[in-house]
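Enquirer: Structure in structure tokens, see below.
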Amino acid sequence: MRLELVKRPQRSALFSILSPFIAFALTMVAGGIMFALLGINPVTAFRTYFISPVTEIWQLHELAIKAAPLILIAVGLAVCYRANIWNIGAEGQFIMGAIAGSVIPVLYPTFESPIVLPLMLIMGMIGGAAYAGIPAFLKTRFNTNEILTSLMLVYVAQLFLDWIVRSPWRDPKGFNFPQTVQFSDAATLPMLFPSAGRANLGFVFALVAAVLVWILMSRMLKGFEVRVLGSSPRAGRFAGFGFNRMVFFAFMLSGALAGLAGISEVSGAIGQLQPSISPGYGFTAIIVAFLGRLNPLGIVASGLVLALTYLGGEAAQSALGISDKVARVFQGMLLFFVLGCDTLIHYRIRLVGLGAPKLDVAAKLEEAH
């Protein structure tokens, strides 16, 4: 006997809309069980996770800081995934964008001018796009699997960052710590409301990027091309759309936004390069993209939700004495349930026995729809 998935001739529009909410509810149930097994009252845990971190104005600023890179990266990934191109290496593109954008403040720390910050942002986007161009080239030239190449390049970027801050770019006055010089004021993103908290222009970049990509995907020919090639490459070829061009476009747009997120994080929240500049934003953004239904505007909301899990995880560590890995487990469960709900909306589960007629497990559910 075996299980097989059979594509539904029609999917439920209602369940397609409710899918993220069902997934989140299931995550809460599974999370409650997890906290109970850890000996923690689930109600107390959820209050610590989702309410305590947003009760003060300065905490809302911290939420914006965490959400900005998630939204920026996820918006770019959504374009890739709508085109059926699987970029899993946004974490590496985030890091390489941060490194490329940091060239001026690290190598020329005394250069202070109004053009410094715009140059940093542009260089960060170029660095992320160029790094994303590597798996795009390998896919179009050698038909390599972009999942593997983009993922492996993450580790290359992480090791390169670790090397560069420990050797050539290490601050000679930094007491031998693996970090670069502190960025000057001219190379630092301005805060939105300095008297209230640390939120900076990175959050504005994220909102603007979400709106622009939404316009691209819903109102422009290029967005139509992305959707057609993603849903039916054969139809796209008949329409004259180039698949190889789309691979480069999707990868490099995604990489540019990840690079912008990287340099925004370094020049805003951190203020210098160091061995670790990301708690896994590039991977968490995959969850953000799917939770937002690959819609740039929906990604803004899902980015805030996932950012809250980071803040909640930090609060839970101090208030409940649990490991920081619990936040990762929470995020992993959310991705599992999001993908599981989407799969069951698009496919029926069929149990097939050897020499026996096929038993349609979801037949009655299909009739109900």
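The values are calculated or read from the model by the stated rules, or taken from the named source; none is laboratory data. As the structure is a prediction and not an experimental result, all values here were calculated from the model. Here the Cβ positions follow ideal geometry from the backbone for every residue, glycine too, while neighbour counts run over all protein chains shown. Note: areas computed on protein heavy atoms with side chains; ligands, DNA, RNA excluded. Shrake-Rupley method; radii C 1.70, N 1.55, O 1.52, S 1.80 Å.
Enquirer: Of 102, 118, 257, which is farthest along the charge dipole of the chain in the positive direction, counting Lys and Arg as +1 and Asp and Glu as -1 at C-beta?
Expert: Among 102, 118, 257, the one farthest towards the positive end of the dipole of the chain is 257.
Enquirer: While we're on this one: Heavy-atom accessible area per residue, the range 221-341, 1.4 Å probe: how many Å²?
Expert: Each residue of the range 221-341 exposes 37 Å² on average to a 1.4 Å probe.
Enquirer: On to the next question. Could you tell me, in Å, what Rg and Dmax come out for the Cα atoms of the chain?
Expert: Rg then Dmax for the chain, in Å: 22.2, 78.
Enquirer: Is there a quick way to get the dipole size of the range 111-257? I mean about its Cα centre, with the Cβ of Lys and Arg at +1 and of Asp and Glu at -1; what is the value in debye to the nearest 20?
Expert: 580
Enquirer: Mind pulling the angle between the C-alpha long axis of helix 57-82 and the longest principal axis of the chain? Nearest 10 degrees, somewhere in 0 to 90.
Expert: 60
Enquirer: Using 0.36 nm times the number of residues separating residue 14 and residue 198, minus their current alpha carbon distance, what extension gain do you get?
Expert: Gain on extension, residue 14 to residue 198, equals 62.3 nm.
Enquirer: Give the percent of DSSP beta bridges with both residues in the chain that are antiparallel, rounded to the nearest 5.
Expert: DSSP beta bridges in the chain are roughly 100 percent antiparallel.
Enquirer: Round to the nearest 10 and give me the degree value, 0 to 90, for the angle of helix 201-219's Cα axis relative to the longest principal axis of the chain.
Expert: Long axis of 201-219 versus the principal axis of the chain: about 40 degrees.
Enquirer: Measure nothing fancy, just the Cα-based angle from helix 325-346's long axis to the longest principal axis of the chain, in degrees from 0 to 90, nearest 10.
Expert: Tilt of helix 325-346: around 40 degrees.
Enquirer: Rounded to the nearest 10 Å², what accessible area does residue 171 show when all protein chains are kept and the probe is 1.4 Å?
Expert: It works out to around 30 Å².
Enquirer: What is the sum of charges around residue 274, taking Lys and Arg as +1, Asp and Glu as -1, for the other residues whose C-beta is under 12 Å from the C-beta of residue 274?
Expert: Here the charged neighbours net out to -1.
Enquirer: Whole number in Å², please: accessible area per residue of the range 36-175, 1.4 Å probe, ligands, DNA and RNA not counted.
Expert: 46
Enquirer: Could you point to the residue in 287, 248, 301 farthest towards the positive end of the chain's charge dipole, with +1 and -1 charges on the Cβ of Lys/Arg and Asp/Glu respectively?
Expert: 248
Enquirer: By the gyration tensor of its Cα atoms, with a ≥ b ≥ c the square roots of the eigenvalues, what is the shape of the range 230-356: rounded for a/c under 1.5, prolate for a/b over b/c, or oblate?
Expert: It comes out oblate by the Cα gyration axes.
Enquirer: Using 0.36 nm per residue of separation minus the Cα-Cα distance, give me the extension gain between residue 351 and residue 211 in nm, one decimal.
Expert: Taking 0.36 nm per residue and subtracting the Cα distance, the gain is 46.0 nm.
Enquirer: What is the range 1-154 by shape, rounded, prolate or oblate, if you read a ≥ b ≥ c off the alpha carbon gyration tensor as root eigenvalues and call it rounded for a/c under 1.5, prolate for a/b larger than b/c, and oblate otherwise?
Expert: Cα axes put the range 1-154 in the oblate bin.
Enquirer: Ranking request for peptides 71-81, 283-293, 267-277, 106-116: highest mean number of other beta-carbon atoms within 10 Å first, then the rest in descending order.
Expert: 71-81, 283-293, 267-277, 106-116
Enquirer: Also: Dipole size in debye (nearest 20) for the range 185-335 around its Cα centre, Lys and Arg Cβ +1, Asp and Glu Cβ -1?
Expert: Computed charge dipole of the range 185-335: roughly 700 debye.
Enquirer: Taking a temperature of 25 °C and a viscosity of 0.890 mPa s, what whole-number D in µm²/s does Stokes-Einstein yield for the range 77-199 with Rh from Kirkwood over alpha carbon pairs?
Expert: The calculation lands on 152 µm²/s.
Enquirer: Would you mind checking which residues have amide H under 5 Å from residue 347's amide H? H placed 1.01 Å from N; only 5 or more apart, or other chain.
Expert: Under 5 Å from the amide H of residue 347: 8.
Enquirer: Lys and Arg at +1, Asp and Glu at -1: add these up for the other residues within a Cβ distance under 14 Å of residue 252 and post the number.
Expert: So the surrounding residues net to +2.
Enquirer: Hey, another quick one. Leaving out ligands, DNA and RNA but keeping every protein chain, what accessible area does residue 222 have, in Å² rounded to the nearest 10, with a 1.4 Å probe?
Expert: The accessible area comes out at roughly 60 Å².
Enquirer: Assuming R0 = 30 Å, can you tell me the calculated FRET efficiency for the pair residue 43 and residue 314, based on Cβ-Cβ distance, to the nearest 0.05?
Expert: 0.95
Enquirer: Kirkwood-based Rg over Rh for the range 155-243 (C-alpha set), two decimals?
Expert: 1.23
Enquirer: For a protection proxy built on the mean count of beta-carbon atoms within 10 angstrom, sort 232-242, 188-198, 122-132 highest first, please.
Expert: 122-132, 188-198, 232-242
Enquirer: Could you rank 139, 173 by how accessible they are, 1.4 Å probe, largest area first?
Expert: Most to least solvent-accessible, the answer reads 173, 139.
Enquirer: Suppose every Lys and Arg Cβ carries +1 and every Asp and Glu Cβ carries -1, with no other charges. What dipole size does the range 1-100 come out with about its Cα centre, to the nearest 20 debye?
Expert: 480
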